[in-house]
Structures are given as C-alpha cells and as structure tokens.
Amino acid sequence: MRDLPTLLAGRRRLLVTGGAGFIGGAVVRRLLRESDAIVFNLDKLGYASDLSSIEEALAAAGSSDGGAESRHQVLAVDLADAEATAAAVRQADPDLVMHLAAESHVDRSIEGPEAFIASNVQGTFSLLQAVRAHWEGLAGERRERFRLHHISTDEVFGSLGAEGRFHEDTPYDPRSPYSASKAASDHLVRAWHHTYGLPVVLTNCSNNFGPWQFPEKLIPVVILKALAGEPIPLYGDGLNVRDWLYVEDHVDALLLAATRGELGRSYCVGGHGERNNREVVEAICARMDVLHPQGAPHARLITAVTDRPGHDRRYAIDPARITAELGWQPRHSFEAGLAETVAWYLDHAPWCAAVRDRAQYAGERIGLAGRS
Ligand code: NAD
Ligand code: DAU
C-alpha cells in the first residue's frame, strides 16, 4: 500500500465518525501514527466506545489530546442530533469524512431496533445534510479534493447458500434490524451522490476481528468465556459461515477506498477468510490450550445454544474489484490474526473488565427477545 501522506494528498483535516469504536479506533490510530493530519473524532461515546487505545497511541508518539491544535479532537456528538452534527462538521471543517459511526451488533438490534434506526438511518441523514452544506461552501482545490466515505457491511446483501460470494452488484436483501438500517444508510448515501452530486465512496466489508473489540461479538466472547472456564455459546448448529478479516487489513482497504476509490462507486472488502462458527470457536480453544494450558482442553466448554432469530447462514465476499482497481490485499492470514488476537485479550483482561463494567454488560446472552 502507498504511504499514507501520499494517499491523503494534502488533505489535512479529517473527520472520522465512530472513532471511539473498534474499527474507527484502528483508523484513527493509523492516521495519527502515519500522517500529520488533524483527526476530529465524532462519536456519541456509547456503550461500545473506548478511547484508551488512542490515548496509548498518542502517549507513545509523545503527543497529547486536548489543545485547540491537538492532532486528535474528540467531538462528543450523537449523529441523531442534526443541529449538533451540523455544528461539529462546521468545527471540523474537513477535507475528508470517514463515516463509521453506527450501532453495530446484530443481537442488540434484535432486542432494541430503535437505537439502530436512530443512529444508522437518522444519524446518516443528519451527517449527509451537514456534510452537503459544508461541501457546497468549499471552493477551488478543497472542493475538488473533498470526499465522504461511507463504511458499510456485507450483511446488506442478505444470506448465501453453500455457493457463491457477494460482489458489488449483488442485490440488497437485508434480514436483521441491523442490516436493514445499514442498507438504508447505504441508499441514503447513494441518493445524496446522485441527486446533489455529493462526492462519496462506499465500502461493504465482512466480519472484522482483532484487538480492542468490545467483548460482545463472537471472537472476544469466546476468548473471555474460555478464560473464565464458562460455557462457550455456539448458536444453532454452529455451521453458519462468516468471512473473517483482521481489522488492520480492513483499515488498509478503507484508506485506499477513501482516497483513491472512484466517486459514486462501492467496493466489497473480504479476506478469503471463510470459516464456520464451530471452526472459529475450535481454533480459539486450540490457541487457548497453548497460552492458558491450565484450562485445557477448552473445547470441552463449547455448548450449543438456541439459535439467533433470523440467523443469516453464510456470508462471503468476492474482493476482485478492490484488488484489481485499488491494489488491496489482506496482509494477515486468519490463523496469524487470530493468534495475535487471543494473545492480546489474555494480556488485556483489566481492559475487558473495565469496558464491560462501564457498559453494564457481564457477558450474558443478548438477542433472544425477538423470539416470541
Ligand atoms: P463499534 O460498535 O465498535 O463502534 C461504533 C462506534 O460508533 C461507537 O463508538 C459508537 O459510540 C459510535 N456511534 C454509534 N451510533 C452513533 C451516533 N448516533 N452518533 C455518534 N456516534 C455513534 O462498531 P465497529 O465494529 O467498529 O463498526 C464500525 C462500522 O463498520 C459500522 O458502521 C459497522 O456497520 C461497520 N462494519 C463493521 C464490521 C465488523 O465486523 N465489526 C464489518 C463491516 C462493517
Ligand atoms: O458481516 C459483517 C458484520 O459482522 C458486521 O456488519 C457487524 O457489525 C458485526 O457485528 C458482525 O456481525 P455478526 O452477526 O456476523 O457477528 P457476531 O460476532 O455477533 O457473530 C458471528 C457469528 O457467530 C454469527 O453467526 C453468530 C455467532 N455467534 C455469535 C455470538 C456472539 C455465536 O455462535 N455465539 C455467540 O456468542
């Protein structure tokens, strides 16, 4: 991948929404580490947010977070609040917007879909209106260079059978409140491009994993359950398939698409990492047996539990477009990324406890409320 300053091509003021979350945090850390851009991190600072990874990165770079010229400025704003969003966009005065903020957990969307409509649909609408007003006020080179990159998911395409992979022309067929809200946001972004000419790029990525992921998604849940010697919940028959991508490889793809992607175009991102859930859980248990032998064999903890309502069977991405047009390739195998991730969680038990406490989430099952 080209170096970041070359990709940014003079864009100095970057607005990242959702930068206190898992993937947004990885984007912000990369921007702070590898460029001299000023990052405005707009986030409502909700249950899944945590800034300690960014604070660590700033401390390592000898930089601080606080003054007006700080490289990292947190804008604590809920995108559902249109006025606050417009004010935040005016304050950031961005050359590039990367929109990652969203409610992101399918199980939570089954229990409480309202928050997903508010953040993902209403929030994206507020942002589009604010960004459009900003872009229309730009002139010259700043206007020419400006872009909004909308970060979305492969779940908008629905559920695959045993064959085939999602690509950019796959028809939308979302099936959970989460994926429907993300699909709606994708449609809004495309509409703002076609109707108002707003310069946008979209990406649809598969399942991410890696350090600093809030421990409610499959991989950190399994690691923490195994460490605690508690039953590891495997939904249904455990044969649902996801296409796993290490988060830093997603960040590479995002930075390429945001800066080099063709306007109005979308890019599917996935790392040829298809595994069924049983394979993923067994691989984590095998790694735990090596790193935490006192609990071995951890696979004895795997427990079949009631399936997720409306559980999509299989996701898989064909990344041919982003590979051919933007030169993206994942740099981590699933096995290498998983080994790093398991080791990271074992080293960060206090962080896991702190973020779970703050979110008042103790690792219990979420998302059965939809089944009545
Ligand atoms: P996350 O839940 O870890 O972080 C999301 C962040 O967005 C949080 O800090 C949250 O506070 C913030 N946010 C939510 N609603 C907001 C609002 N109304 N206003 C301001 N901030 C708000 O999610 P993630 O896993 O980092 O996902 C980031 C983006 O990438 C999402 O758009 C998601 O749909 C997409 N995505 C995620 C994955 C994945 O596997 N995690 C895969 C593909 C795409
Ligand atoms: O495909 C991209 C999507 O991947 C993103 O858009 C979402 O934001 C992200 O959360 C993720 O969605 P999934 O629903 O695929 O991820 P989750 O980690 O919740 O579940 C992965 C698979 O593991 C899924 O088939 C359900 C299953 N599962 C999950 C949990 C939490 C279990 O079997 N047991 C569990 O405890």
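Each row is one residue, and each column tells you yes or no for (1) of a type outside the set (Val, Ile, Thr); (2) in a loop (DSSP other than H, G, I, E, B); (3) over 15 Å from the mean Cα position of the chain (by Cα).
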residue: Leu14; (1), (2), (3): yes, no, yes
residue: Gly25; (1), (2), (3): yes, no, no
residue: Val28; (1), (2), (3): no, no, no
residue: Arg33; (1), (2), (3): yes, no, yes
residue: Asp36; (1), (2), (3): yes, yes, yes
residue: Phe40; (1), (2), (3): yes, no, yes
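For the condition charged (D, E, K, R), without any contact (Cβ under 8 Å) to a residue 60 or more places away in the chain and surrounded by 15 or more Cβ atoms within 10 Å (Cβ to Cβ), what is the one hit in Arg147, Arg142? Break it down stepwise before answering.
On the way: Arg147 fails: without any contact (Cβ under 8 Å) to a residue 60 or more places away in the chain.
One residue alone meets the criteria, Arg142.
Scanning the stretch 103-126 for residues that are within 15 Å of ligand 2 (Cβ to nearest atom) and acidic (Asp, Glu), which turns out nearest to Gln213 (Cα to Cα)?
Glu103
Can His187 be described as of a type outside the set (A, V, I, L, M, F, W, C), out of contact with any helix residue (DSSP H, G or I) (no Cβ under 9 Å at 6 or more places or on another chain) and within 15 Å of ligand 1 (Cβ to nearest atom)? Spell out how you get there, then give the answer.
Working: of a type outside the set (A, V, I, L, M, F, W, C): yes; out of contact with any helix residue (DSSP H, G or I) (no Cβ under 9 Å at 6 or more places or on another chain): yes; within 15 Å of ligand 1 (Cβ to nearest atom): yes.
Spelling it out, His187 is indeed of a type outside the set (A, V, I, L, M, F, W, C), out of contact with any helix residue (DSSP H, G or I) (no Cβ under 9 Å at 6 or more places or on another chain) and within 15 Å of ligand 1 (Cβ to nearest atom).
Only strands (runs of 3 or more DSSP E) wholly contained in the stretch 191-305 count here; list those with 3 or more residues that are touching a residue at least 40 places away in the same chain (Cβ under 8 Å). Before you say what the answer is, go through the steps one by one.
Values: elements: 200-205, 232-235, 241-243, 266-269, 274-276, 302-305.
Correct list: 200-205, 232-235, 241-243, 266-269, 302-305.
Looking only at the stretch 73-121, count every residue that is within 8 Å of ligand 1 (Cβ to nearest atom) and in contact with a His (Cβ under 6 Å, 6 or more places away or on another chain) and tell me the total.
Residues meeting the conditions: 1.
Before we move on, is Leu8 more than 8 Å from ligand 1 (Cβ to nearest atom) and either within 28 Å of Arg142 (Cα to Cα) or without any contact (Cβ under 8 Å) to a residue 60 or more places away in the chain (or both)? Write out each step before concluding.
Working: more than 8 Å from ligand 1 (Cβ to nearest atom): yes; either within 28 Å of Arg142 (Cα to Cα) or without any contact (Cβ under 8 Å) to a residue 60 or more places away in the chain (or both): yes.
Spelling it out, Leu8 is indeed more than 8 Å from ligand 1 (Cβ to nearest atom) and either within 28 Å of Arg142 (Cα to Cα) or without any contact (Cβ under 8 Å) to a residue 60 or more places away in the chain (or both).
Quick note: the coordinates plus some simple rules give every number you see, no bench work behind them. Small disclaimer: the values here were computed from a predicted structure and weren't measured. Cβ sites come from the backbone with ideal geometry, for glycine too, and all protein chains shown count toward neighbours.
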